[in-house]
Structures are given as C-alpha cells and as structure tokens.
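The values are calculated or read from the model by the stated rules, or taken from the named source; none is laboratory data. Predicted, not measured: the structure shown is a model, and the values here were computed from it. Backbone-built Cβ (ideal geometry, glycine too); neighbour counts: all protein chains shown. For the accessible areas, the whole protein counts, side chains as well, though only heavy atoms, and no ligand, DNA or RNA atoms are used. Shrake-Rupley method; radii C 1.70, N 1.55, O 1.52, S 1.80 Å.
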Amino acid sequence: SRTAVLNIVMQLRKCAGHPYLFPGLEDRTLHPLGEHLVENCGKMVLLDKLLLRLKEKGHRVLLFTQMTRLLDIFEDYMNMRSFPYCRIDGNTSYDSREQ
C-alpha cells in the first residue's frame, strides 16, 4: 500500500542521514559530544574533513536538511568542534535570523 511505501522511504532517508536517527543505536554510555558522532557515520566523516578544510580557508557553509533530528545531530557536531553556527528552522525567530 502507499502508506507502507512511504514508511520504507522515510526509513531509507534516515539510513542516509545518520544511524543515530534510529532509536537505541546511540551508545548512551559515551560522551554525547564524542568522536563517535562522526566515526559512526560515513557522511559525517566526509563532512568533518570538508568542514575542517573550509574553516581553515575562512569559508562559510550552509547545511540543509528537512529532518530536524538531523539538525540536532549537526548542532551537536558543531558544538563538539567548537564551530560557530546559526541554526535556522521553524523555531528560529526573525531577529535571530537577521543576526
């Protein structure tokens, strides 16, 4: 049925995003902002290498996703690397966006 296909598509989108989007996969005994956040996801390994190089050269970067839970993971990553960032989603006020 259509609903079953949409559910499968959503699960595949989560697979492509980060393994921690699935409940129970994150080891809660590890520090929440540890290297495991990057090491457990091939996309994050590549993103980490890319962002470190771009930051060295003074570039600014825009990351886009429709999944707010993936934004949460990106936010943890930015805090872990001490990168300045501005999260813009449906909860971001106009004033914050202007800064």
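Can you name the residue in the range 48-99 that is surrounded by 13 or more Cβ atoms within 10 Å (Cβ to Cβ), in a loop (DSSP other than H, G, I, E, B) and among the basic types (Lys, Arg) and, of all such residues, is modelled with the lowest pLDDT?
If we take residues in the range 48-99 being surrounded by 13 or more Cβ atoms within 10 Å (Cβ to Cβ), in a loop (DSSP other than H, G, I, E, B) and among the basic types (Lys, Arg), then Arg87 is modelled with the lowest pLDDT.
Within the range 81-91, can one find any residue that is touching a residue at least 24 places away in the same chain (Cβ under 8 Å) and under 21 Å from Phe22 (Cα atoms)?
For the range 81-91, residues touching a residue at least 24 places away in the same chain (Cβ under 8 Å) and under 21 Å from Phe22 (Cα atoms): absent.
If you check Arg13 against the conditions, is it surrounded by 11 or more Cβ atoms within 10 Å (Cβ to Cβ) and not in a loop (DSSP other than H, G, I, E, B)?
Yes: the conditions hold for Arg13.
What pairs come out if I take residues in the range 1-19 that are under 13 Å from Gln66 (Cβ atoms) and in contact (Cβ under 8 Å) with a residue 40 or more places away in the chain and pair them with residues that are exposed (fewer than 10 other Cβ atoms within 10 Å of the Cβ) and of a type in the set (A, V, I, L, M, F, W, C) whose C-beta lies under 7 Å away, six or more apart or interchain?
So the pair list comes out empty.
What number of residues within the range 22-38 satisfy the criterion of being within 14 Å of Asp76 (Cα to Cα), among the acidic types (Asp, Glu) and open to solvent by 60 Å² or more (accessible area, probe 1.4 Å)?
Within the range 22-38, residues that are within 14 Å of Asp76 (Cα to Cα), among the acidic types (Asp, Glu) and open to solvent by 60 Å² or more (accessible area, probe 1.4 Å) number 1.
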